[in-house]
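The values are calculated or read from the model by the stated rules, or taken from the named source; none is laboratory data. Quantities reported herein were computed from a predicted structural model and do not represent experimental measurements. Counting neighbours? That spans all protein chains shown, and the Cβs are built from the backbone with ideal geometry, glycine included. The area values use the complete protein model at the heavy-atom level, side chains included, leaving out ligands, DNA and RNA. Shrake-Rupley method; radii C 1.70, N 1.55, O 1.52, S 1.80 Å.
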Amino acid sequence: MHTRTVFFVSDGTGITAETFGNAILAQFEFKPRHVRLPFIDTVDKAHQVVRQVNHTAEAEGRRPVVFTTLVNVEVLQVIEEGCRAMVLDMFGTFVRPLEIELGMKSSHRVGRFSDVSKSKEYHDRIEAINFSLAHDDGQSNADLEQADVILVGVSRSGKTPTSLYLAMQHGLKAANYPLIPEDFDRRQLPPALGAFRKKIFGLTIQPERLSEIRNERRPNSRYASLENCRTEVAEAEAMMRREGIRWLSTTTKSIEEIATTILQEIRPERLEY
């Protein structure tokens, strides 16, 4: 049961407001109801927001919290003056003081993604996503020389979500390959990866956690058994040590933490913006 409603109001997609707001809300032990209100770019739309926020305040008997990233001053004024809520204006808090400090006006561009589709970085990111999808789970060996990183590890150790996160957030072309019993029998990496050893990064996971994850997919199977998981993880880690592959355990790490660690190792310049 939620204890309070939080609105994220923006003249763009609302992603910036929601991302920043959630980072702040994560510091508090409560579960709010989230409502994203994007494309609030006219005074009329702002009045609609006011009515929705105030109706929520009346229905719940407590003030909602409103995070805004509104550029238009008139639209923001309607929200600030009309809402019976705690309104947190992120641009007012951060952008305007920076204008004073830097001695320049901000672009006041409406919408984080209003012209991003025209940029080289956007097209590079789309290309990276397509590459990562085409090279998921070892389904293609083509163009591996274009890969920025090749993730290896046993099945369900986090390779696919990490690959897609690296592509979507950082524009890296990330391939991933499962380590399977045949590889352990040969005591070698998949043959297609031999020429790209420097690009390889390994992911491992605690067998107990791996068994839980696999049981959700194939309950009571040998694939998901704890004994099999222990064997596969031990073999995979032994192979990574023999091959001199950098690796980490995903057991207690978020996708963001895994991706950042990989970036530190293979492309530290991607951590600079």
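Hey, any hits in segment 221-238 for a residue that's of a type in the set (D, E, K, R), in contact with a strand residue (DSSP E or B) (Cβ under 8 Å, 6 or more places away or on another chain) and in contact (Cβ under 8 Å) with a residue 24 or more places away in the chain? Looking for residues that are of a type in the set (D, E, K, R), in contact with a strand residue (DSSP E or B) (Cβ under 8 Å, 6 or more places away or on another chain) and in contact (Cβ under 8 Å) with a residue 24 or more places away in the chain, one finds at least one in segment 221-238, hence yes.
Assess whether ARG96 counts as being closer than 23 Å to THR19 by Cα, in a loop (DSSP other than H, G, I, E, B) and not small (Gly, Ala, Ser). Judged against the criteria, ARG96 is not a match. Within segment 67-88, residues that are of a type in the set (Gly, Ala, Ser) reach partners that are open to solvent by 10 Å² or more (accessible area, probe 1.4 Å) with beta carbons closer than 6 Å, at six or more positions or on different chains, in the pairs GLY82/VAL50; ALA85/ARG63.
As a summary of the residue check, ALA59 satisfies the conditions (1) of a type in the set (A, V, I, L, M, F, W, C); (2) in contact with a helix residue (DSSP H, G or I) (Cβ under 9 Å, 6 or more places away or on another chain); (3) over 15 Å from ALA17 (Cα atoms) except for the one numbered (2). Annotation: ARG197 fulfils all but one of (1) without any contact (Cβ under 8 Å) to a residue 40 or more places away in the chain; (2) outside any loop (DSSP other than H, G, I, E, B); the unmet one is (1).
Note on segment 1-51: among residues that are closer than 14 Å to THR69 by Cα and of a type in the set (Asp, Glu), the one that is farthest from the chain's Cα centre (by Cα) is ASP41. Scanning segment 238-249 for residues that are open to solvent by less than 60 Å² (accessible area, probe 1.4 Å) and under 11 Å from LEU189 (Cα atoms) turns up MET239, MET240, GLU243, ILE245. Please work out if GLU235 is part of a helix (DSSP H, G or I) and buried (at least 16 other Cβ atoms within 10 Å of the Cβ). Considered against the rule, which asks whether it is part of a helix (DSSP H, G or I) and buried (at least 16 other Cβ atoms within 10 Å of the Cβ), GLU235 comes out as yes.
Can you confirm whether THR260 is modelled with pLDDT under 95, assigned to a helix (DSSP H, G or I), open to solvent by 50 Å² or more (accessible area, probe 1.4 Å) and hydroxyl-bearing (Ser, Thr, Tyr)?
Yes.
Taken over segment 131-164, the criterion of being without any contact (Cβ under 8 Å) to a residue 24 or more places away in the chain and β-branched (Val, Ile, Thr) is satisfied by no residue. Residues that are loosely packed, with under 12 Cβ neighbours inside 10 Å and touching a residue at least 40 places away in the same chain (Cβ under 8 Å) within segment 182-194 comprise just one, ARG187. Looking at SER157, SER132, just one residue is assigned to a loop (DSSP other than H, G, I, E, B), in contact with a strand residue (DSSP E or B) (Cβ under 7 Å, 6 or more places away or on another chain) and open to solvent by less than 10 Å² (accessible area, probe 1.4 Å), and that residue is SER157. The residues in segment 211-232 that are open to solvent by less than 50 Å² (accessible area, probe 1.4 Å) and of a type in the set (D, E, K, R) can be counted, and the count is 2. Has segment 209-220 got at least one residue that is of a type in the set (A, V, I, L, M, F, W, C), assigned to a helix (DSSP H, G or I) and modelled with pLDDT under 95? No, every residue in segment 209-220 fails to be of a type in the set (A, V, I, L, M, F, W, C), assigned to a helix (DSSP H, G or I) and modelled with pLDDT under 95.
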